[in-house]
Amino acid sequence: MLLNQFLLLAAALFAIGVYGVLARRNGVLVLMSIELILNAVNINLVAFSAVRETVDGEIFALFIIAVAAAEVGVGLAMVLLLYRNRRSIDLTEIDLLRG
Amino acid sequence: MTELLTLAASTATGLPLGITEGGSWLLRNAWLIPFLPGLSFVGILFFGKRMPRGGSELGVAFVGLAFVLSLLTAAAWIDHRDNFEGEEVHRAVAVAVAEHGGESAEGHADEGESAEGHVPGHPSLGVHNTVTWFEMNDVAFTVGTLVDGPAVMMLVVVTLVSLLVHVYSTEYVAGDRRYTHFFAFLSLFSASMLLLVVSENTLQLLVSWELVGVCSFVLIGHWWEEKPNSDAALKAFLTNRVGDIGLIIGVAILFFTVGSALPGQFGSFSIAETNALAGTGQLSHTALVVASCCLMAAVMSKSGQFLLHTWLPDAMAGPTPVSALIHAATMVVAGVFMIARMYGVFFEGFSIGGSSINLMALIGGITTLIGACLAFVQRDIKKVLAYSTISQLGYMVMALGVGAWTAALFHLFTHAFFKACLFLGAGSAAHAVHSFDMKSDMGGLRKVMPHTYRTFVIGSIALAGLPPLAGFWSKDEIFVGTGGWGLFGGTGGNGAYTFMLVMGVTTAALTAAYMTRCVYLTFFGEFRGHGTPHESGPRIVVPLWILAGLAIVAGFGNLPKGLPLVPESLQERFGHFVEPVASYFPGISHGTPSWSLATASTLVVLSGIAVAGWYYFVKVEAASKAAGESLTELPDGLTTKYPLARMGHTFLVQKYYLDHLYTDVIAGGTKGPVAAAAYKIDQDVIDGVVNAAGENAVKAGNLVYHRFDQLVVDGIVNNSGRASSGAGGELRKIQTGKVQDYAAILFASAMVLAGVLIVIV
Amino acid sequence: MENLLDGWGLTVATFSPMVGVAVMLLIPRDQEDRHKLVALVTSLWVALVSVLLLIEFDIGHTDRLQFAVDKVWIDVISSHYSLGIDGISLPLILLTVLIVPLCIVYSWNHFPEPHNPKAFLILILVLETGMVGTFAAQDLVLFFVFFELVLLPMFFMIAVWGGPNRRYASLKFFLFTLFGSALMLVSFLALFFLTGAESFVFTDLADAVAAHGVSRTAQLWIFGGMMLGFGIKVPMFPFHTWLPDAHTEAPTVGSVILAAVLLKLGTYGFIRIAIPILPEAAVEWAPWIGMLAVIGIIYGALSCLAQTDMKRLIAFSSVAHMGFVMLGISTLTDFGINAAVMGMVAHGLITGMLFFLAGSVKERYHTLEISRLGGLLVQAPRMGWIFGLCVMASLGLPGLAGFWGEFPAILSAYSPANGVPVETFRTFMVIAAVGTVLAAGYLLWLLQRIAFGTPPEEFADDPHITDTSREEWIAWAPMLALIVAIGVYPNLVFRLSDGAVDASLHECLTVNASELTADQAEALGCADVYNISVGDGHGGDADHAAAGG
Amino acid sequence: MTVPAALQGLDPLTGGDVVVAQNIAFGILSVVMVVAALRMVTTRNVVHAALYLVIVLAGAAGIFILLGAEFVGVTQVLVYIGAIVVLFLFGIMLTRGALGEDEEANTEKRRMATLVGVLVLVVTGGAVLDSFGDTAVNRSAPSLTAEIGDTIFSQYIVPFEAVSVLLLAALIGAIVVARTD
């Protein structure tokens, strides 16, 4: 197996995740897409650690999984808050930063 | 680069600079003279308002002190000139020029003998004293004093006129809105002018040059509540800035050109070194030509030479004392003095010797003519004097152009007195009638203002140049100096400047004529103004008489050589003491005076007076009698009779339309269309690109970012309003405030940059 | 004391503002006086430390890095925590630590809306750390960190306390600068990788480039990237459009800091990083930089003439003035770069003052429309005279600071360094000289409209229009004094900068070609690169001027 | 290198076949993952999206195992599929009705997102291909969980603690943000 195939797979997932983050209007779906991105990264890390025959990469992957869990928790909480305040989780309606 | 230094030093033999570090205490410490007025400026600025007489006493005291000091300095110089036996400063130069420099120095000597009777072989070493101002790149930039003939002469003139004007002003501007500020800046001006006079290097010259400019700006705009005044001030300052381009560039060129001849040093501002090296002819001639042309531009603006003279008449918006001091006697001659200072450069640059025409002489000649013509058509007495000042400055520049250095400075010397006298007289008259308009508000003042009348007439005659008053002698010397008068059987001079001679003589006639007109309109006929004018007080009259007296006697300072009944020891004293005989001064030759020329010029002047006198004192007088009122011109004059004459008259009244050219076309153009266009470009093109392209098109035209922008930004702003790219439009659209759009930009930029990095590494 | 300074002086000077910030974070927001006090004391303390540094600074060896610290910082990317100052950084640091307290004093009693002194002062202190750090850093990564640290506070200052159009202006400012610095970072990395230097420390990089040289094209690319990054900050001609908006919208103090210090980060980058590390590329780029510089001079001046808003006019005048600075830099001569350093200091003081004045005018008249103003000299004589002085200084009147940035720059353009086209630069010299006239034009026009004349009736008897207040005097007096002092005795700056500048320039640039013999040129071994034609300056008749110094 | 032990037990394969098997496995997994991912970001039904996410995550777990990182794979299944997705589903249910059928964002947005996505894919893919020509992954043995444990608790102890603090903070934060009163 070549390293490239894993990296390319990761790249593809990453790109798709980016698309999701940018294109979806539903907050929850955006969070999901972020998970996709994180997974792409994980694949890279694990692949590299497999090449280098060390466990560091895998450990980082584990950390990322943990952090992802935390992130989803907080993220969903915010979505809920949003929903409670605006009865909507449509990100395109949230433009408090508009200049 | 030490080895280079030694190498250069070994090959170099000292070039005599014609200056010395020795000399008496007074000469070495001439910096005191500018320092005193400077002190009074600070003093007046901070304490003036609290003083009983608003700080004027401080100004008068310090300037008076400076005057006394300059007199002492002059005395010290007279002693130094002939009796100083000190060390001359030599400068190591890259190319060996010992015999060259020596030759030129000794060339002076025997010219001195043949042409002028200097003490044989006794050079007049300028007294040189410097301190280091700042150092850069191993070059020490100094500030200091170079005291020699011209400097001392100027010191005396400036301090004297300045003192008189100070005294005069105490009455003239009494109770003015900004009495204190007026005196403060009068002092600052004196300080800057004196600093300019004793400048030892071109940088210092440049600094003081700009300082006198700004003083004139402030003083012209003294009554800045009225827009015309501030406009005039702006005009003066900007015109001078235009000339300063020339000064800056010229100084830069000279700096490096001289540096190329000095080992181990990339430039030098020193005036002595510059002139001396120019004399040796080892500086590139091209550089000298370009430099002299640039400096000439500066002279044109500062000394009101043709094309850049238009600011001077407007400058009359300032208080009359200012006009007298700055715009007649001292500041405007700064340009002339600068030429005289850098004469080595100009002499080589314009190759004055042995030529028959050159830029400087031409400009001077034209100026003197056009100035005189314009003086005819003025109603405002100060404008008459202003244009006559322009014309007289033209004389000086012309004289320098034809190589009559001494004559030029002598004319500067005498002109300072009689022109100041005239201005102060005009001021006194105007003070009485509260107006400067000769035709509507003056006339017949001779009865009520006897002192003003007499002094003004004396000044006018001196200006017209009738013997034996001051103007005659200096003007005559200039004619002699042109050397272009073979038909009068003269010899000598630096070339055959016949053309200049013709211009000069014509102007002499014109001058006489317009001064006659001015005198008539002001003092003869019946009073046309309102109220009852009365003679001014002593603090105005006394300076008038002093100046008038000087206008009479100043001419005797430089009686021509070989004048009968005059002992040898009294001839050409001015030339002897003022004209440097040193290697920083070119070897100019002097024309020999001739009776025929003097007679001719006198006759010309008389004819001028005769014509104008006949017109005014006979015809106009008669016409007024007939009309029963005091006329100022014939009801059926030339201009009414002949359309051609009328056209000419209009042409003059419009000042050759130069003002329209500058103000409306050039200035207006720059300020209006051009600037607007530039700004529009800025907003619509550059900023428009930025806005339209979002942050990525900072490098508009760079394909990558541009395309990226088209995609992303367009995607965001759904292509709307791209056409209407008023400032703000597009870029604000990027700022939708939506997180996702920012994220898009973030990702995309990151990727693009990553791509760049991949490409580069 | 000394050794303490040697080791810690710079670190303290750089990070004490952060301590102040920490303290202020703990103080509740409503205790404004306490915040002001802390901020002021902190900035004064920094100023004190810097003055001590100045006192201990060895004037004899301005070319040497002093108070240097060099510790391994991030080993992974071989970046060091390396601080140090020489004659170029010192004046700018002093300028910074002078401006900051003055700004705090100035805004003492009138903070722009929305008030909130706590946040405002914290931002100012963070800015101070960033600015001082940038001038002191000797390591590319560290430099970059500080360089960017400056960005955010300014962004918020404009975006929160700015004028009506603040969001647009702040975003524009942010994106522009970010874009520039991103490219800059790229070129830094490229430089590091290509040279394979053992660290990001400037000297290491320079040695690495000199030793196993980078390919010429790569050098050009890298220099180009840096040029963009620094040029945007300066701002150089095509990249200047963020400046007027940022200045117009920013609160007074923001404009002052922006004009006085932030713009200098760019030019400082040129002098400190781009030119010493990549001399060959510098020679190649010099004509282009010079061209952009003179375009900026003329073009900024013209835009000024078209302005109707006082603050915007002053902002555009910065474009023109920084043009002179860039011209001086682009000559690559000791003379020109000295002029540039002087120009930076002078422009910092003068334009800073002008923005202060604009702020005060705005405060009194509630407008900056030039057409509506007038007669300042009547209603507030002192302020009017101060304004006049600053205008004169800004148009480069000799005897005031501005002149010493302008004139030497023009002068140096007459004979640029070896290998730089002489005729081109002489053309630039003339154009720049013309620029001085335009400068006089718009500045005097401004002076006439603002100060001269009689006040328009809408303000004729407005009680709020008072003369200079106490805070203003305290804030302005030092700057005015410095403007005059430097103008009268420029050595104050030149003596510091000269040695350092000379050392920062490659010998081939500065050697006097006209006095080189063939073998000396051979010994230098750069005759080909800098096409030094031995025996004469640059050929041609008028060009016997010794190139460079 | 590693393959599921069962496969190894039945009949020993030669190295070559194993490589083939792995590549086949990888091919299937990757195709499934990419397709699922695409559906996930395009489907209109939120719940379906969550389920597609499950598929992708499972695929990722498979990839991990294929790479011999069994522990990571297992963790992936437990944490992601077991916890996070459930969390998501809760989120979806709690916000149900906000926009049940997530009608797609407007075309400009999608266009932009597509372009950026493609850009990302191109650049990263280019970089990858440019950097690692034909580095092969052939791992002698799967990494031991024990080894991972030792390393975490020795070398990476500080980050580990940090992460645990982070989780705690996240927990509290989530509660504070989301609580009703």
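The values are calculated or read from the model by the stated rules, or taken from the named source; none is laboratory data. None of the values given here were measured: they were computed from a predicted structure. All Cβ positions, glycine included, derive from the backbone under ideal geometry; neighbour counts span all protein chains shown.
Residues in segment C:96-123 that are in a helix (DSSP H, G or I) and either out of contact with any helix residue (DSSP H, G or I) (no Cβ under 6 Å at 6 or more places or on another chain) or not aliphatic (A, V, I, L, M) (or both): C:Thr96, C:Leu98, C:Pro101, C:Cys103, C:Tyr106, C:Pro117, C:Lys118, C:Ala119, C:Phe120. Per this entry, C:Leu48 is not counted among residues that are more than 24 Å from the chain's Cα centre (by Cα) and either in a helix (DSSP H, G or I) or within 22 Å of C:Gly269 (Cα to Cα) (or both). Among the residues of segment C:147-167, those that are at pLDDT below 85 and either outside any helix (DSSP H, G or I) or buried (at least 24 other Cβ atoms within 10 Å of the Cβ) (or both) comprise C:Gly162, C:Gly163, C:Pro164, C:Asn165. I'd like to know if segment A:9-28 contains one or more residues that are away from chain C (no Cβ under 14 Å), crowded, with 24+ Cβ neighbours inside 10 Å and under 30 Å from D:Ser154 (Cβ atoms). For segment A:9-28, residues away from chain C (no Cβ under 14 Å), crowded, with 24+ Cβ neighbours inside 10 Å and under 30 Å from D:Ser154 (Cβ atoms): present.
Is there a residue in segment C:341-360 that is touching a Gly at 6+ places or on another chain (Cβ under 8 Å), more than 13 Å from every other protein chain (Cβ to nearest Cβ), small (Gly, Ala, Ser) and assigned to a helix (DSSP H, G or I)? Yes, there is a match, as at least one residue in segment C:341-360 is touching a Gly at 6+ places or on another chain (Cβ under 8 Å), more than 13 Å from every other protein chain (Cβ to nearest Cβ), small (Gly, Ala, Ser) and assigned to a helix (DSSP H, G or I). Residues in segment B:76-111 that are among the charged types (D, E, K, R) and at pLDDT 50 or above were compared, and the one that is farthest from B:Pro263 (Cα to Cα) is B:Asp79. Scanning segment A:54-82 for residues that are among the β-branched types (Val, Ile, Thr) and either at the interface with chain D (Cβ under 7 Å from one of its Cβ atoms) or in contact (Cβ under 8 Å) with a residue 12 or more places away in the chain (or both) returns A:Val55, A:Ile59, A:Ile64, A:Ile65, A:Val67, A:Val72, A:Val74, A:Val79. Restricting attention to segment C:57-90 and to residues that are outside any strand (DSSP E or B), modelled with pLDDT under 85 and β-branched (Val, Ile, Thr), the residue that is farthest from C:Phe147 (Cα to Cα) turns out to be C:Ile59.
Each row is one residue, and each column tells you yes or no for (1) part of a helix (DSSP H, G or I); (2) over 30 Å from C:Met157 (Cα atoms); (3) of a type in the set (Lys, Arg); (4) touching a helix residue (DSSP H, G or I) at 6+ places or on another chain (Cβ under 7 Å).
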site: C:Ser199; (1), (2), (3), (4): no, yes, no, no
site: C:Thr203; (1), (2), (3), (4): yes, yes, no, no
site: C:Asp207; (1), (2), (3), (4): yes, yes, no, no
site: C:Ala210; (1), (2), (3), (4): yes, yes, no, no
site: C:Gln219; (1), (2), (3), (4): yes, yes, no, yes
site: C:Ile222; (1), (2), (3), (4): yes, yes, no, yes
site: C:Met226; (1), (2), (3), (4): yes, no, no, yes
site: C:Leu243; (1), (2), (3), (4): yes, no, no, yes
site: C:Ala246; (1), (2), (3), (4): yes, no, no, yes
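Considering only residues of segment D:107-129 that are facing chain B (nearest Cβ under 8 Å) and at pLDDT below 80, which is surrounded by the most Cβ atoms within 10 Å (Cβ to Cβ)? The selected residue is D:Lys109. Being of a type in the set (A, V, I, L, M, F, W, C), surrounded by 24 or more Cβ atoms within 10 Å (Cβ to Cβ) and in contact with a Phe, Trp or Tyr (Cβ under 9 Å, 6 or more places away or on another chain) is true of B:Ala151. Of all residues in segment D:55-89, those satisfying the criterion of being buried (at least 19 other Cβ atoms within 10 Å of the Cβ), more than 8 Å from chain A (Cβ to nearest Cβ) and β-branched (Val, Ile, Thr) are D:Ile65, D:Val85.
In the condition set (1) part of a loop (DSSP other than H, G, I, E, B); (2) surrounded by 24 or more Cβ atoms within 10 Å (Cβ to Cβ), C:Ile93 is compliant with all but (1). The residues on offer are B:Gly279, B:Gly264, B:Gly259, and the sole one that is more than 28 Å from B:Leu307 (Cβ to Cβ) and not in a helix (DSSP H, G or I) is B:Gly264. Is there a residue being within 14 Å of chain B (Cβ to nearest Cβ), assigned to a helix (DSSP H, G or I) and surrounded by fewer than 16 Cβ atoms within 10 Å (Cβ to Cβ) anywhere in segment D:131-140? The answer is yes, given that some residue of segment D:131-140 is within 14 Å of chain B (Cβ to nearest Cβ), assigned to a helix (DSSP H, G or I) and surrounded by fewer than 16 Cβ atoms within 10 Å (Cβ to Cβ). Is one or more of the residues making up segment B:112-132 within 14 Å of chain C (Cβ to nearest Cβ) and modelled with pLDDT of 75 or more? For segment B:112-132, residues within 14 Å of chain C (Cβ to nearest Cβ) and modelled with pLDDT of 75 or more: present. Checking every residue in segment A:35-42 against the condition of being away from chain C (no Cβ under 14 Å), of a type in the set (Asp, Glu) and free of Cβ contacts under 8 Å to residues at least 40 places away in the same chain gives at least one match.
Within segment C:266-285, the set of residues being over 19 Å from C:Met344 (Cα atoms) and part of a helix (DSSP H, G or I) comprises C:Ile277, C:Pro279, C:Glu280, C:Ala281, C:Ala282, C:Val283, C:Glu284, C:Trp285. Checking segment D:45-58 against the condition returns a match, with at least one residue being in the same structural domain as D:Gly91 (by TED's automatic domain parsing) and either in contact with a Cys (Cβ under 7 Å, 6 or more places away or on another chain) or more than 22 Å from A:Asn26 (Cα to Cα) (or both). Residues of segment C:157-201 that are out of contact with any strand residue (DSSP E or B) (no Cβ under 6 Å at 6 or more places or on another chain), more than 14 Å from chain A (Cβ to nearest Cβ) and farther than 23 Å from B:Val756 by Cα: C:Met157, C:Trp161, C:Glu198. Residues satisfying the criterion are absent from segment C:136-146 (criterion: surrounded by fewer than 23 Cβ atoms within 10 Å (Cβ to Cβ) and over 30 Å from C:Lys71 (Cβ atoms)). Could you list, in sequence order, all residues of segment C:437-469 that are more than 7 Å from chain B (Cβ to nearest Cβ), in a loop (DSSP other than H, G, I, E, B) and within 32 Å of the chain's Cα centre (by Cα)? Residues satisfying the conditions are C:Ala451, C:Asp467, C:Thr468, C:Ser469. Select from segment C:332-358 the residues that are of a type outside the set (A, V, I, L, M) and either under 18 Å from C:Ile486 (Cα atoms) or at pLDDT 90 or above (or both) and list them in ascending order. Those that are of a type outside the set (A, V, I, L, M) and either under 18 Å from C:Ile486 (Cα atoms) or at pLDDT 90 or above (or both): C:Phe335, C:Gly336, C:Asn338, C:Gly343, C:His347, C:Gly348, C:Thr351, C:Gly352, C:Phe355, C:Phe356. Number of residues in segment B:197-249 that are at the interface with chain C (Cβ under 7 Å from one of its Cβ atoms), under 24 Å from B:Val157 (Cα atoms) and of a type in the set (Ser, Thr, Tyr): the value is 0.
Please tell me if A:Gly20 is in contact (Cβ under 8 Å) with a residue 40 or more places away in the chain and either touching a strand residue (DSSP E or B) at 6+ places or on another chain (Cβ under 6 Å) or in a helix (DSSP H, G or I) (or both). Taking the combined requirement at face value, the residue does not satisfy it.
For C:Arg29, indicate whether it is in a loop (DSSP other than H, G, I, E, B) and touching a helix residue (DSSP H, G or I) at 6+ places or on another chain (Cβ under 9 Å). Considered against the rule, which asks whether it is in a loop (DSSP other than H, G, I, E, B) and touching a helix residue (DSSP H, G or I) at 6+ places or on another chain (Cβ under 9 Å), C:Arg29 comes out as yes.
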